[in-house]
Amino acid sequence: MPSPEPVKTPTLSLVAPADAATAAATPLVTMSKPPAAETSQPVAPVKPKMRPLLERVTRDQVVAALLGCASILTLFVVWYLGTKYRLEFYIRFKNVPTPYEVFQQAVDVGLSSAFLTNVLYSVKRILLGFFIAIGIGVPLGLAIGRYKRVANLFMPVIEILRPIPAIAWVPMSIMLWPNNEASIVYITFIGAFFPILLNTVHGVHALDGVLIRAGRVLGASELQLFRHVILPGAMPSIFTGLAVGMGVAWVSLIAAEMISGQFGVGYFTWEAYSLVNYPAIVLGMITIGVLGLVCSGAIRIAGKLLMPWLAFAPGSKK
Amino acid sequence: MDTQTGHVDVRNVGVVFGAGDTEVTAVNDVNLHVEPGEFVSLIGPSGCGKSTILSIVAGFLNPSSGAALCDGKPIAKPSSERGVVFQQYSLFPWLTVRKNVEFGLRMAGVDQSTRNVTARSLLDLAGLAAFENHYPDQLSGGMKQRIGIIRALATSPRVLLMDEPFGALDTQTRVVMQEILTNIWQQFRISVLFITHDIEESIFLSDRVYVMTARPGRIKAEIKVPLPRPRTPDMHDAPEFVELVHELKGLIREESLAAMAPEIKQGGLAGFGMKVGPQSVGEIYGSAPDALRKN
Ligand SMILES: Nc1ncnc2c1ncn2[C@@H]1O[C@H](COP(=O)(O)OP(=O)(O)O)[C@@H](O)[C@H]1O
Ligand SMILES: [Mg+2]
C-alpha cells in the first residue's frame, strides 16, 4: 500500500483507493512475464513494442541455441565417422549409407515428382485421419465429460478398444474398408482418436465447477455453456490430446503404409529396403521425421494463437 | 432501475444432504427476506449453512423443505435475474477483462456495440478501464473480485448474491473493497444478499444483518443497522457501530463455541492453550448455557 490517506477521505471516488491498493501489485504481475533481460522496462505494456532483433536475444537463448546445434552436430558426426570407418561392434555400419550418399539421394530423388507424390499421399492421409479424429473425438469427449449417462454408454466400448494399438487394426481394416486409401486413413484416425478423446474428457472433468455455475447464472443456455465455457475451459487439455494424437497418428500411418500401402513415405521407405536402395531408406526416415516435426510444430503454434491467455496462467513460468 | 423489483423471500427452508448414515442437516427452518433495494448480510460461523442458503436463492440447489421466492415467483434454476459473486475467483481465464464483463449480455444476444458501451462504463466505475484487455491471470485478487461484481451487475439483475466475496483478500484490500462495494451499491440501489463471517464488514455494508446458529443453521437474530447512507469509512468509529460490533460478537461467539462444544468438553481447547477463565470461555459458558447444553 503506497499510502493509507485516500482510504480515509470521506468524499471518496470509486477508483482512487482501489487503484492505490492494487497498482502496486500489478507491475509485479506483469514484470515476471518477460525474460530477465527486460527488467529495464518497469511496466510491460499489453503489447510489447518490437525492439531490434539483436537486443531481444538474451545470453540464455544463445546458450540454448548453441547446445541445440551441438546435439544435432553430434548425431551427424557419429553417423559420418561410423560410415567412414565402417564400424562393427555389435551394431553394424557396414551397409549404412554415408551422409553424403543420402544427400545425393535427396538431390536426385527428393525433387522428383514420384517422391513428392509419396509425401503428398502421406500428408493427405494424416490430415484426413487427424481431422476426422478431432471432429468425432472432441464433441464426443465433451459430451462424455459433461453427461454421466453418455459416459456410461460409451466408456465400456472405449475401454475395450483403446488398448488395441492402431497397427493391430491393419488386417481388420483392410477387410473392413472398401479400398486401400480408406483403410489407411482409418488406421491413422484410430491412432489419433483415443488420445484426443480421452484428453478432452479429462479437460471437461478438470474444469472448475465454479466456472460452470458462473456461466449458468450469467444466463448461458446448455448449448452456450458448451460453446463459451466448457470448450474453452477444456481447450488446454484438448491441445495436449492433439499433440499426443498427432504423434500416434504418424506412427500408425507409417506402419500402415509399410504393411499395406501403395504410395506414402512409409511405403517409399519400405520399398527402398526391398530394392536394396540404402540411401533412400535414410531419406525416407528423415522425411518422416521432418514431417512429424512440422505437424507438431503447427499444433503448438495453433495452440499459442488460440489460447493467448495461457501465457499468463499460473505455472506457465518456471 | 426499478426499485420495486428484487424482493427475496426464503420461507421455512430446510436442506438435508446425503441419506442414511451420511445424512447431514445443513440448515433448518430458515426464514429471511430482502426488500427491494435493501442490503442484507447473513453472518454465522463457518459450516453453518450460509453458502447453502445462497445456493438456494441463486437456484443452484433446491431446498428439501420450504421455498425460496424472488418477486413472488418460486426460484427453480439459475437466472441472470439473480447475479452471483462467488467466494472463489470465477472469471473465465480465457476471456479478457472486458469480455468477462460482457459475458452475460453476450449470452442474452445483446449486440457487440451495446455490450461494449455497458462494459466500458462498468469498468470505469470499478476503476479498471485501463485493464480491459488484460487476462484475469494478470490481475490481483482485489481486481478480480471487482470484475466479478461488475460482471454480475452487467445484466441488470434484480438481486445480487455475494458469498464471502472478499474472504480470500488481505485485510487492507478487504477494507478498500468494502468501500468500493458500498459506493457501487449507492449508485445501483440493487437488492443484495451478502454472506460473510466478518462482523465489521456486515455492519459497514448492510441495512440489516441476520445471524445464523451453528449447524444445523437457523436464523438466530436479526439486527437493524441504523447508520446513515452513504456509508463512509469514518463510521467505523461511530458509537453505534462499535456497539453493534460488540453485540454481534457476543452472538457469534456463542455459536462458534456451540459449534466446538464437543471439543471443549473434552478439554480440547484448553489443550491448545486457550484460557478457560472469566474473560474467555468461562464467561461464554455462563452467558450461553443453552447453546452448550444442546450438544
Ligand atoms: N454437497 C454437500 N454434501 C454434503 N454436505 C454438504 C454439502 N454442501 C454443504 N454441506 C455441509 O453443509 C453444511 C453447511 O455448508 P455451507 O453452506 O457451505 O456452510 P458455510 O457456507 O456457512 O460455511 C456444512 O457442514 C457442509 O459440510
Ligand atoms: Mg461458505
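Hey, among B:Ile195, B:Ile203, which residue is in contact with a strand residue (DSSP E or B) (Cβ under 7 Å, 6 or more places away or on another chain), over 25 Å from B:Ser80 (Cα atoms), more than 10 Å from chain A (Cβ to nearest Cβ) and among the aliphatic types (A, V, I, L, M)?
B:Ile203
Would you check which residues across the range B:156-173 are away from ligand 2 (no atom under 16 Å from the Cβ) and surrounded by fewer than 21 Cβ atoms within 10 Å (Cβ to Cβ) and list them?
B:Ser156, B:Asp170, B:Thr171, B:Gln172, listed by residue number.
Please verify whether the range B:221-232 includes one or more residues that are within 27 Å of B:Tyr89 (Cβ to Cβ), open to solvent by 50 Å² or more (accessible area, probe 1.4 Å), away from ligand 1 (no atom under 16 Å from the Cβ) and acidic (Asp, Glu).
no
Anything in the range B:137-175 that is within 8 Å of chain A (Cβ to nearest Cβ), more than 17 Å from B:Ser202 (Cβ to Cβ) and not small (Gly, Ala, Ser)? List them, or say none.
Result: B:Asp137, B:Gln138, B:Leu139, B:Met143, B:Arg146, B:Arg151, B:Thr155, B:Gln172, B:Thr173.
Going by the conditions given, is A:Ser252 outside any loop (DSSP other than H, G, I, E, B), within 14 Å of chain B (Cβ to nearest Cβ) and either within 30 Å of A:Trp79 (Cα to Cα) or open to solvent by less than 30 Å² (accessible area, probe 1.4 Å) (or both)?
Considered against the rule, which asks whether it is outside any loop (DSSP other than H, G, I, E, B), within 14 Å of chain B (Cβ to nearest Cβ) and either within 30 Å of A:Trp79 (Cα to Cα) or open to solvent by less than 30 Å² (accessible area, probe 1.4 Å) (or both), A:Ser252 comes out as no.
Assuming B:Gly109 fulfils every condition listed in (1) away from ligand 1 (no atom under 16 Å from the Cβ); (2) open to solvent by 20 Å² or more (accessible area, probe 1.4 Å); (3) away from chain A (no Cβ under 14 Å) apart from one, which condition is it?
(3)
For the range B:146-166, what are the residues that are in a helix (DSSP H, G or I) and either within 16 Å of ligand 1 (Cβ to nearest atom) or closer than 22 Å to B:Val209 by Cα (or both)?
Result: B:Ile149, single match.
Filter the range B:34-59 down to the residues that are more than 12 Å from ligand 2 (Cβ to nearest atom), away from every other protein chain (no Cβ under 14 Å) and under 17 Å from B:Thr196 (Cα atoms) and list them by number.
Scanning the range B:34-59 gives B:Val34, B:Glu38, B:Phe39, B:Val40, B:Ser41.
Please specify each residue of the range A:184-217 satisfying the condition of being within 14 Å of chain B (Cβ to nearest Cβ) and either part of a helix (DSSP H, G or I) or open to solvent by less than 20 Å² (accessible area, probe 1.4 Å) (or both).
A:Gly203, A:Ala206, A:Gly209, A:Val210, A:Leu211, A:Ile212, A:Arg213, A:Ala214, A:Gly215, A:Arg216, A:Val217
Quick grid of which residues meet (1) away from ligand 1 (no atom under 12 Å from the Cβ); (2) at negative phi; (3) in contact (Cβ under 8 Å) with a residue 40 or more places away in the chain; (4) over 17 Å from the mean Cα position of the chain (by Cα):
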{"residue": "B:Ala19", "(1), (2), (3), (4)": "no, yes, no, yes"}
{"residue": "B:Gly37", "(1), (2), (3), (4)": "yes, no, yes, no"}
{"residue": "B:Lys50", "(1), (2), (3), (4)": "no, yes, yes, no"}
{"residue": "B:Leu61", "(1), (2), (3), (4)": "no, yes, yes, no"}
{"residue": "B:Ser79", "(1), (2), (3), (4)": "yes, yes, no, yes"}
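Taking the range B:176-194, which residues are within 16 Å of ligand 2 (Cβ to nearest atom) and surrounded by fewer than 23 Cβ atoms within 10 Å (Cβ to Cβ)?
Correct list: empty.
Which residues, taken from the range B:5-33, are open to solvent by 20 Å² or more (accessible area, probe 1.4 Å) and within 16 Å of ligand 2 (Cβ to nearest atom)?
Hits for the range B:5-33 are B:Phe17, B:Val24.
What single numbered condition from (1) at the interface with chain A (Cβ under 8 Å from one of its Cβ atoms); (2) open to solvent by less than 10 Å² (accessible area, probe 1.4 Å) fails to hold for B:Ala119?
(1)
The values are calculated or read from the model by the stated rules, or taken from the named source; none is laboratory data. No experiment lies behind these values; they were computed from the predicted model shown. Don't worry about glycine lacking a Cβ; one is built from the backbone with ideal geometry, like all the others, and counts go over all protein chains shown. These area figures cover heavy atoms from the full protein model, side chains too; ligands, DNA and RNA do not enter into them. Shrake-Rupley method; radii C 1.70, N 1.55, O 1.52, S 1.80 Å.
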